[in-house]
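Take a look at the structure set out below.
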Amino acid sequence: SGGDIEYPRQHLVSKGGGAGATLPGSEGAKLVNGLEVQKGEIVVIKKRFSGFFSTNLDLMLRRLGIKQVVLCGVQTPNCIRATAVDALALDYEVLILSDATASKSGAVQENNLEDMRCMGMKTVATQQWGASL
């Protein structure tokens with residue numbers, strides 16, 4: 001329905017503006033093939049740009065003793081950045097997988113990654129991160 005979308009963007013859903021591709025139950029809200037929730041894994045449903053905003057993500061991470069957040073996904077200037085800034089404000093070490101995130105253009109992507117590095121977040125390629133595990 002779009003009722004959980006922040007007020008300034010509700011018109012994109014309510015008036016058929018073409019948005020809402022990730023509303024619950026929509027095709028866009030489904031996980032991509034090869035990315036399935038495994039038994040025992042925790043799922044957080046995010047309804048705003050930040051994965052921390054109005055979710056219990058912080059509580060779950062703290063209960064599990066997690067100190068570092070590793071981020072990947074799309075729209076680096078929106079969802080990745082909002083989640084990263086909230087994680088930093090909550091005193092997590094933030095690592096962004098630079099080749100597993102995306103923006104509208106390469107310039108927007110690199111500018112956002114550089115801004116986040118200047119805030120104290122780390123960016124690495126997926127292969128480099130995987131090799132460090």
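Just a few scattered comments:
- Relative contact order of segment 52-111, pairs being alpha-carbon contacts under 8 Å that are 6 or more residues apart, as %: 37
- Packing-based order for 88-100, 108-120, 30-42, 71-83, using average beta carbon neighbours within 10 Å, highest first: 71-83, 88-100, 108-120, 30-42
- Rounded to the nearest 20 debye, the dipole size of segment 43-122 about its Cα centre is 320 debye, using +1 on the Cβ of Lys and Arg and -1 on the Cβ of Asp and Glu.
- The heavy atoms of Ile66 offer some 60 square angstrom of accessible surface to a 1.4 angstrom probe.
- The residues packed around Leu90, meaning those with a beta-carbon under 12 Å from its beta-carbon, carry a net charge of -2 if Lys and Arg are +1 and Asp and Glu are -1.
- Taking the C-alpha atoms of segment 43-133, convex hull volume expressed per residue in Å³: 95
The values are calculated or read from the model by the stated rules, or taken from the named source; none is laboratory data. Since this is a predicted model, take the numbers as computed values, not measurements. Cβ atoms come from the backbone with ideal geometry, glycine included; neighbour counts cover every protein chain shown. Accessible surface areas use protein heavy atoms only, side chains included; no ligands, DNA or RNA. Shrake-Rupley method; radii C 1.70, N 1.55, O 1.52, S 1.80 Å.
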